[in-house]
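Taken together, the values in this text are just the output of simple stated rules run on the coordinates, not laboratory data. Only a predicted model underlies this, so the values are computations on that prediction, with no experimental measurement involved. Backbone-built Cβ (ideal geometry, glycine too); neighbour counts: all protein chains shown.
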Ligand code: ATP
Ligand code: MG
């Protein structure tokens with residue numbers, strides 16, 4: 001016990017060892033919230049207050065759940081396999097698998113990732129002849145997900161105009177389509193679980209009795225449906241409910257756009273009469289200058305629950321700020337700095353490069369690639385989202401549930417087997433008129449279409465039969481061959497990579513069955529367990545159905561179903577597997593909860609960060625500021641910030657002002673690596689500032705970079721790209737490009753509404769602004 005608790009400060013210790021009542025730990029970044037939560041689980045188990053089965057813990061990502069399980073196995077001599085620790089989606093999936101009948105789902109229901117969801121919606125709109133200009137698929141998808149996140153079925157959504165009424169109808173049709181195909185989207189996993197527990201008293205009671213302790217990390221980012229689900233599980237107002245232990249930081253609430261409601265923190269305090277509210281103010285992650293920056297910045301938000309952070313780590317290095325002339329140069333600077341960190345011995349995977357929008361990563365990736373530096377992009381197109389892998393997964397889905405129309409359509413004619421769009425249209429009509437799946441509609445087809453589609457069904461049936469008794473990795477291998485995917489890519493010029501990815505799936509399956517404890521030889525298709533007959537008593541014990549006191553029935557998934565769920569859930573996770581000796585690239589959103597020795601926050605420009613979509617409302621800017629707070633507090637020892645005068649984004653060159661957030665940081669914590677008034681060349685003589693001298697004395701990579709800039713901007717004209725100018729006729733503008741040297745230089749200038757002009761600099765009467 002001593003060893004478990006001795007690494008905690010007094011407030012952390014108090015939090016870990018609180019009595020079994022609901023509690024809220026409200027604390028800033030890096031103060032040990034996640035550590036407290038994990039240690040509390042271990043402490044509760046070690047002191048025999050609860051068995052591992054009596055714990056439910058919710059993490060924000062699958063990766064965080066894995067980490068928590070690993071930490072727990074290191075702390076306790078127990079087998080953590082099977083513990084209910086996971087994301088809301090992961091845990092709901094498990095609940096629905098266990099009680100699929102009560103949830104009115106087929107045993108082999110499959111999860112749609114957002115890509116599949118969108119294509120299902122598109123297909124549905126087409127089948128119902130809906131004008132997709134008036135009702136774009138994406139808009140409908142947001143509408144549906146938004147309603148589900150609020151816990152609303154179509155019948156419960158209030159529509160105020162004809163457009164909304166139509167959207168509600170389409171939502172209803174969408175749900176029917178999903179039900180017909182046996183598929184559920186991410187939001188549905190939660191809503192279905194909520195409804196299951198809300199309607200089924202005995203089941204609710206069972207889980208309320210079972211989960212004595214429900215622990216939730218990143219509580220500030222729960223949405224209303226998630227909070228209501230927690231309330232059902234904890235049994236508020238009913239006897240025998242468990243205790244909720246919530247940890248969170250209102251300053252890190254960054255998912256409002258997905259329905260997260262930071263108000264859940266105060267709602268929780270009120271609903272559960274929380275007496276135990278503990279604040280942790282000691283930060284163990286970051287050095288002083290970094291922490292000061294975070295504290296100063298977030299102080300500009302008004303609606304805060306109020307707390308501060310301090311550190312004993314000393315001030316450490318200042319935060320380095322760099323103004324680049326372009327995004328390309330920004331990337332070069334990052335590479336130079338990262339290299340010098342690595343030369344000092346910092347491991348590559350301890351260096352993170354953060355950006356506000358995914359689109360920013362391309363330039364950085366390109367530069368890293370050219371420099372030969374290995375990197376991993378979190379949240380990029382990961383294994384399970386690659387096209388060839390999705391095709392293989394679709395075949396596997398058909399092995400498990402042939403009524404999944406999305407899977408059917410993805411591969412019915414891939415690799416091509418002569419099934420044309422016309423045949424598919426006819427099939428779709430037959431399916432619609434009978435209200436059945438495409439697969440089930442095939443026997444109703446006649447003529448040539450009937451023959452070719454029949455051939456596809458035979459292929460699927462044959463593979464299902466052949467793999468009946470096979471373990472998962474074998475099944476995967478057979479399906480890869482039977483589907484002719486391997487041959488198909490083998491004939492492709494650039495197919496080698498794809499084949500490798502497909503073969504990788506056999507390994508993934510092997511690893512999966514081992515990790516999940518299925519046993520390497522377990523048949524992938526678990527025969528349907530002998531379910532209780534209608535009217536027979538079902539007793540629940542530790543999540544396992546026991547019928548009439550007989551042998552427990554593990555109603556959890558077959559290896560194949562479990563593998564397919566894993567693939568979908570992983571595809572939806574914002575974070576890929578970390579590790580690897582590579583630089584870590586990710587959006588600020590997906591950096592939540594993580595920490596690195598060195599962090600680069602890039603693209604700190606108005607319109608980008610804070611993002612233009614949020615800058616219009618004060619609430620939006622506050623959320624961007626919290627996002628910036630999250631970004632800053634990821635760093636342990638070194639923090640870098642950069643912005644550029646010019647950037648290509650979405651095919652446009654933009655000239656941005658530096659982010660307003662710079663004005664909100666403490667000057668003494670910052671070290672500017674580039675002149676704030678750009679160095680210009682006048683008559684061949686470089687004008688240096690006092691700052692410039694300091695920089696050049698500083699030496700090192702800063703020096704090299706500074707030289708690069710002066711070379712780029714110093715073309716002897718007295719003007720520089722990015723500079724704001726004014727012209728008597730055209731008004732105000734920004735120099736976009738300068739050609740030629742002093743005396744014969746021409747500048748391309750963007751005069752906004754007056755358009756783009758090319759002016760001879762020796763003739764045009766330009767004024768500096
Ligand atoms: P975030 O808000 O970013 O999620 P957090 O509050 O969850 O942060 P943790 O990730 O739990 O913070 O802890 C931050 C770092 O501080 C971790 O490396 C953790 O191991 C370390 N840490 C936490 N508490 C202590 C302690 N008492 N002594 C030493 N190190 C600690
Ligand atoms: Mg944390």
Enter the Cα centre distance for the pair the range 93-168 and the range 388-431, rounded to the nearest angstrom. 21 Å
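Count the DSSP beta bridges whose two residues both fall in the chain, then state the antiparallel fraction as a percent rounded to the nearest 5.
40 percent
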Let me check against my output: what whole-number percent is the relative contact order of the range 272-361, with C-alpha pairs under 8 Å and at least 6 apart? 27 percent
Cα-derived Rg over Rh, computed across the range 75-124 with Rh taken as Kirkwood radius: 1.15
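At a 10 Å Cβ-Cβ cut-off, how would you order 78, 278, fewest neighbours first?
Working: 78 14, 278 17.
Final ranking by Cβ density, sparse to dense: 78, 278.
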Can you pull the one-decimal nm distance between simple spin-label points at residue 371 and residue 506, each 7 Å off the Cα toward Cβ? 4.0 nm
Compute the separation of the alpha-carbon centres of the range 601-667 and the range 68-83 and state it in Å as a whole number. 39 Å
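So between residue 767 and residue 3, what do we pick up on full extension, going 0.36 nm a residue minus the alpha carbon distance?
Values: separation 764, 0.36 × 764 = 275.04 nm, distance 6.98 nm.
Gain on stretching residue 767 to residue 3: 268.1 nm.
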If each residue's Cβ is checked for other Cβ atoms within 10 Å, how do 493, 390 rank with the fewest at the top? 493, 390
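Output the relative contact order of the chain, whole-number percent, from Cα pairs under 8 angstrom with separation of 6+ residues.
16 percent
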Net lengthening on full extension, residue 748/residue 307 (0.36 nm per residue, minus Cα-Cα): 153.7 nm
Which whole-angstrom value gives the distance between the alpha carbon centres of the range 50-65 and the range 312-349? 36 Å
Using only alpha-carbon positions, what ratio does the radius of gyration of the chain give when scaled by 2.2 N^0.38 Å? 1.07
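Taking 0.36 nm per residue of sequence separation and subtracting the Cα-Cα distance, how much length would be gained by fully extending the chain between residue 131 and residue 199, in nm to one decimal? Don't skip to the end; give the middle numbers.
On the way: separation 68, 0.36 × 68 = 24.48 nm, distance 3.71 nm.
The span from residue 131 to residue 199 would gain 20.8 nm if fully extended.
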With Cα atoms, 0 to 90° folded angle of helix 137-149 axis to the chain main axis: 70 degrees
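Divide by every residue of the chain the summed helix terms, -39500 (n - 2.57) for each DSSP H run of at least 4, and state the resulting mean residue ellipticity at 222 nm, rounded to the nearest 500 deg cm²/dmol. Working shown, then result.
Values: 27 runs with 326 residues, N = 769.
The helix contribution divided over the chain gives -13000 deg cm²/dmol.
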Order of 457-464, 47-54, 584-591 by packing, highest average Cβ count within 10 Å first? 584-591, 457-464, 47-54
Cα-based helix-to-principal-axis angle, 288-298 vs the chain, degrees rounded to 10: 80 degrees
If you line up the long axis of helix 62-75 against the longest principal axis of the chain, both from Cα atoms, how many degrees apart are they, to the nearest 10? 80 degrees
For the peptides 501-513, 323-335, what is the packing order when you average, over each peptide's residues, the other Cβ atoms within 10 Å and list the highest mean first? 323-335, 501-513
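Defining a contact as two alpha carbons under 8 Å apart and six or more residues distant in sequence, what relative contact order in percent does the range 100-239 show?
On the way: 106 pairs, mean separation 41.2, N = 140.
Computed over the range 100-239, the figure is 29 percent.
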Provide the packing ranking of 640-648, 16-24, i.e. peptides ordered by the mean count of other C-beta atoms within 10 Å per residue, highest first. 640-648, 16-24
Label residue 123 and residue 494 with points 7 Å out from Cα along Cα→Cβ: what is the distance between them in nm? 2.7 nm
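Among 5, 277, which comes first, then next, by fewest other beta-carbon atoms within 10 Å?
Values: 5 15, 277 12.
Fewest to most other Cβ atoms nearby, the residues stand as 277, 5.
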